[in-house]
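The values are calculated or read from the model by the stated rules, or taken from the named source; none is laboratory data. The model shown is predicted, which means the values in this text are computed figures rather than measured ones. Cβ atoms come from the backbone with ideal geometry, glycine included; neighbour counts cover every protein chain shown. Note: areas computed on protein heavy atoms with side chains; ligands, DNA, RNA excluded. Shrake-Rupley method; radii C 1.70, N 1.55, O 1.52, S 1.80 Å.
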Amino acid sequence: MLDWRWDFTFEIMPRMLWATLNTLMAAGIGYGIAIVLGLVLALAQRTPYRLLTLVVREAVEFIRSTPLVLQIFFVFYVGPQYGVTLSPWVAGMIAIGLHYAAYLSEVYRGGIESVPKGQWEACTALNMSTAQTYFRIIIPQALPLSVAGMGNYLVGIFKDTPMLSVIGVAELMHAANAIGGQHYRYLEPYTIVGVVFLLISLPSAGLIRAFEAWVRRKLGMS
């Protein structure tokens, strides 16, 4: 039978709630970086400059093929050797933003390539510049097609934030480890971590599916 202590649970709850707020902030900031940088990486792979396209494509594949925790360590511990010293928070946000930007760039690329060829030809016929073609015609059509993938990675970022604990970012897992080590009780803090992730991830996934369905209806795709 589990030796659950409610008094201890209520005692640590304020600390765990504060850590939850930090976790949500980490996920939100990291996702914001990934959204913007992912679009940049997607567009950089579609330029007429073959060398730039090749370099960006290989960089994206490298990031996608290596673990997030390794990238977090690299940014935080290797950076200072080259004069780039970052706080755990900043290093964590950069690492998680870069990691998911690589994945989102592929989501964007799929959305862009799904835009009918006639749209591109119409832009060429109207003598629109590359910037006008993308930002006025192509991207507004590609983004709704990318909603599902973008939403999935939002949930993924939230579930990966515990990896930031390896460099001391005070998110949920870091708080749970600290509380467990201080009181020699891990059942309550780890259970709270699992419940919090469940309570946030499941509704978020449902909202993403509902939003995707709404977008598809607006576009006449369902």
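Has segment 174-186 got at least one residue that is closer than 28 Å to Val90 by Cβ and within 22 Å of the chain's Cα centre (by Cα)? Even if it seems obvious, please write down each step before you answer.
Filtering segment 174-186 down to residues closer than 28 Å to Val90 by Cβ leaves 174-182.
If we keep only those that are within 22 Å of the chain's Cα centre (by Cα) too, we end up with 174-175.
Within segment 174-186, one or more residues are closer than 28 Å to Val90 by Cβ and within 22 Å of the chain's Cα centre (by Cα).
Does Ala34 meet the test of being in contact with a Lys or Arg (Cβ under 6 Å, 6 or more places away or on another chain), under 13 Å from Tyr100 (Cα atoms) and either surrounded by 12 or more Cβ atoms within 10 Å (Cβ to Cβ) or among the β-branched types (Val, Ile, Thr) (or both)?
Criteria not met by Ala34.
Yes/no per residue for (1) open to solvent by 30 Å² or more (accessible area, probe 1.4 Å); (2) over 18 Å from Ile35 (Cβ atoms); (3) of a type in the set (A, V, I, L, M):
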residue: Arg109; (1), (2), (3): yes, no, no
residue: Gln141; (1), (2), (3): yes, no, no
residue: Phe158; (1), (2), (3): no, no, no
residue: Leu164; (1), (2), (3): no, yes, yes
residue: Ala178; (1), (2), (3): yes, yes, yes
residue: Phe197; (1), (2), (3): no, yes, no
residue: Pro203; (1), (2), (3): yes, yes, no
residue: Lys218; (1), (2), (3): yes, yes, no
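For segment 111-123, which positions are open to solvent by less than 80 Å² (accessible area, probe 1.4 Å) and either of a type in the set (Phe, Trp, Tyr) or out of contact with any Ser or Thr (no Cβ under 8 Å at 6 or more places or on another chain) (or both)? Full working, then the answer.
Of all residues in segment 111-123, those open to solvent by less than 80 Å² (accessible area, probe 1.4 Å) come to 111-112, 114-116, 118-120, 122-123.
Within segment 111-123, Ile112, Ser114, Val115, Pro116, Gly118, Gln119, Trp120, Ala122 qualify.
Among the residues of segment 55-67, is any open to solvent by 40 Å² or more (accessible area, probe 1.4 Å) and either touching a strand residue (DSSP E or B) at 6+ places or on another chain (Cβ under 6 Å) or farther than 25 Å from Ile112 by Cβ (or both)?
Looking through segment 55-67, at least one residue is open to solvent by 40 Å² or more (accessible area, probe 1.4 Å) and either touching a strand residue (DSSP E or B) at 6+ places or on another chain (Cβ under 6 Å) or farther than 25 Å from Ile112 by Cβ (or both).
Are there any pairs with C-beta distances below 7 angstrom linking a residue in segment 5-23 that is closer than 14 Å to Tyr186 by Cα to a residue that is outside any helix (DSSP H, G or I) and not hydroxyl-bearing (Ser, Thr, Tyr), with the two at least 6 apart or on different chains, and if so which?
Phe8/Arg185
Across segment 177-210, what is the total count of residues that are among the small types (Gly, Ala, Ser) and over 15 Å from Lys159 (Cα atoms)?
Selection size over segment 177-210: 5.
Could you figure out which of (1) out of contact with any helix residue (DSSP H, G or I) (no Cβ under 8 Å at 6 or more places or on another chain); (2) at pLDDT 85 or above; (3) in a helix (DSSP H, G or I) isn't true of Lys159?
Tallying (1) out of contact with any helix residue (DSSP H, G or I) (no Cβ under 8 Å at 6 or more places or on another chain); (2) at pLDDT 85 or above; (3) in a helix (DSSP H, G or I), Lys159 fails exactly one: (1).
Mind telling me which of the residues Leu126, Leu145 ends up being open to solvent by 40 Å² or more (accessible area, probe 1.4 Å), out of contact with any Gly (no Cβ under 7 Å at 6 or more places or on another chain) and more than 27 Å from Ile72 (Cβ to Cβ)? Step through it out loud before you land on a result.
Numbers: Leu145 fails: out of contact with any Gly (no Cβ under 7 Å at 6 or more places or on another chain).
After ruling out the rest, the residue left standing is Leu126.
Condition check ((1) modelled with pLDDT under 90; (2) in contact with a helix residue (DSSP H, G or I) (Cβ under 6 Å, 6 or more places away or on another chain); (3) hydroxyl-bearing (Ser, Thr, Tyr)) across all residues:
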site: Ala44; (1), (2), (3): no, yes, no
site: Val75; (1), (2), (3): no, yes, no
site: Tyr82; (1), (2), (3): yes, no, yes
site: Val90; (1), (2), (3): no, no, no
site: Ile96; (1), (2), (3): no, yes, no
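Here are Ala125, Ala101: which of them is farther than 20 Å from Glu212 by Cβ and free of Cβ contacts under 8 Å to residues at least 40 places away in the same chain?
Ala125
Quick check on my filter: what residues within segment 67-94 are among the hydrophobic types (A, V, I, L, M, F, W, C) and touching a residue at least 40 places away in the same chain (Cβ under 8 Å)?
Initial filter on segment 67-94 (among the hydrophobic types (A, V, I, L, M, F, W, C)): 68-70, 72-76, 78, 84, 86, 89-91, 93-94.
Matches in segment 67-94: Leu68, Val69, Ile72, Phe73, Phe76, Trp89, Ala91, Met93, Ile94.
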